[in-house]
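A quick write-up on the structure given underneath.
Each value in this text was obtained by applying a stated rule to the coordinates, not by laboratory testing. Keep in mind it's a predicted model, so treat the numbers as computed, not measured. FYI the Cβ positions are ideal-geometry reconstructions off the backbone, even for glycines, and counts take in every protein chain you see.
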Amino acid sequence: KRVGFAIVGLGHLALEEVLPAFAQSRFARPVALVSGDGNKAQSVAAQYGIAPKALYSYDDFDRIAHNKQVEVIYIILPNSMHAEFTERAAKAGKHVLCEKPMATSVAECERMIAACRTAKVRLMIAYRSQYEPIDRAIAKMAQSGQLGALREFIAGNSQRQGDVNQWRHRKALAGGGALPDIGLYCLNAARFLSGEEPTEVMARVWSPPGDARFTEVEAAVRFTMTFPSGFAATAVSSYDSHESRFFRLQGTDAWAGMNPAFAYEGLKMQSARLMDGHDTLIEPHFPAANQFARELDHMARCVRENRIPHTPGEEGLQDHRIMEAIYQSAREGRVVTIAPPPGPTRGP
Ligand code: NAD
């Protein structure tokens with residue numbers, strides 16, 4: 001039987017990507033909705049065959065504990081609400097799938113992990129790229145030595161973020177600007193592709209002066225993380241550059257990358273190495289895969305098979321530890337060291 005999911009928050013991501021992706025999932029189905037807008041919830045429920053009695057508001061959300069069909073709560077709210085709803089979901093005895101960024105601080109991530117541990121429920125952070133086939137193929141190439149020794153990772157994830165009234169421009173709701181929203185993809189990719197953890201970071205943040213969109217959060221972040229092996233990752237992420245999403249992972253024997261990277265679809269891989277004495281570029285073709293459906297299915301299988309998710313709370317916590325170091329480096333204008341994570345951050 002498919003695992004029942006409750007969707008919390010009916011914004012862009014929920015309506016345009018996640019709910020449609022259930023049609024391509026094999027193990028998950030939507031069975032409840034949580035929204036601040038009752039009319040919207042009713043019309044979305046009708047569209048997806050969800051029973052009218054399985055609709056909740058943010059206030060009466062805790063009643064969801066009594067809905068046996070709901071096994072997983074998928075939180076797709078502004079970042080500052082992730083911790084509260086994870087704690088309430090855990091109290092209701094439900095497993096949690098939470099959007100990235102996990103929260104707005106390390107302290108919130110630690111509370112979320114503790115709440116799920118106490119309630120003995122699974123916690124997964126929705127790092128969709130880690131369920132995407134090209135990213136996975138490059139991680140495998142890198143970690144099996146096919147690129148040689150890893151040297152540099154170079155990445156960019158930028159887009160124009162125009163609407164000044166969006167919660168993404170309010171520090172209290174978003175936690176930060178480009179860094180936690182889109183720079184996070186570069187940060188997380190450097191870690192999961194290399195399989196290494198950074199120990200130092202140097203960063204700058206920048207915003208166009210006098211721009212009302214950036215009075216509370218940064219427009220752009222530029223950072224370099226260094227890893228114990230000598231590997232280094234440099235990334236730029238901006239809310240005020242034309243859309244640009246790419247990465248390249250360079251080793252002594254070859255490089256592999258994606259352009260575009262990090263997007264929902266249209267991803268492309270490139271790789272180059274010496275063949276018969278010539279530097280040869282290859283562009284392998286991968287069949288299209290819905291990252292959201294793969295992510296839903298992973299969570300559903302972890303619930304059924306009682307397994308730790310590949311991207312558990314600890315993976316989100318580690319990124320928040322690094323993001324706090326990035327902001328500290330930018331504030332203080334110096335290299336900031338990052339202690340290694342206390343244990344593994346990823347499941348199998
Ligand atoms: P959105 O603004 O489109 O939707 C947010 C939803 O939360 C809306 O339905 C809104 O009504 C509701 N909400 C409840 N309380 C609110 C409040 N106080 N202020 C504003 N909205 C409130 O945002 P989104 O783009 O769907 O993002 C939601 C979450 O999903 C964020 O954590 C974001 O980082 C994440 N996200 C992830 C991806 C991905 O690719 N994995 C892509 C986009 C967004």
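Worth pointing out:
- Residues of the stretch 298-317 that are small (Gly, Ala, Ser) and either farther than 23 Å from Arg111 by Cβ or in a loop (DSSP other than H, G, I, E, B) (or both): Ala300 alone.
- Those residues of the stretch 159-194 which are among the small types (Gly, Ala, Ser) and exposed (fewer than 14 other Cβ atoms within 10 Å of the Cβ), in sequence order: Gly162, Ala172
- Filter result (hydroxyl-bearing (Ser, Thr, Tyr) and closer than 19 Å to Ile125 by Cβ) within the stretch 294-348: Thr311, Thr345
- Per-region count, the stretch 282-292, residues surrounded by 12 or more Cβ atoms within 10 Å (Cβ to Cβ) and out of contact with any strand residue (DSSP E or B) (no Cβ under 8 Å at 6 or more places or on another chain): 4
- Selected residue (criterion: nearest to the ligand (Cβ to nearest atom)) from residues of the stretch 138-184 that are part of a helix (DSSP H, G or I) and in contact with a strand residue (DSSP E or B) (Cβ under 7 Å, 6 or more places away or on another chain): Ile182
- In the stretch 244-251, the count of residues that are farther than 21 Å from Met102 by Cβ, in a strand (DSSP E or B) and among the aromatic types (Phe, Trp, Tyr) is one or more.
- Restricting the stretch 293-313 to residues that are farther than 20 Å from Arg29 by Cα and in contact with a Leu (Cβ under 9 Å, 6 or more places away or on another chain), the residue that is surrounded by the most Cβ atoms within 10 Å (Cβ to Cβ): Gly313
Per-residue answers, yes or no, for (1) free of Cβ contacts under 8 Å to residues at least 40 places away in the same chain; (2) part of a strand (DSSP E or B); (3) within 18 Å of the chain's Cα centre (by Cα):
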residue	(1), (2), (3)
Val201	no, yes, no
Val205	no, yes, no
Pro208	yes, no, no
Val217	no, no, no
Phe223	no, yes, no
Ser229	no, no, no
Val236	no, yes, yes
His242	no, yes, no
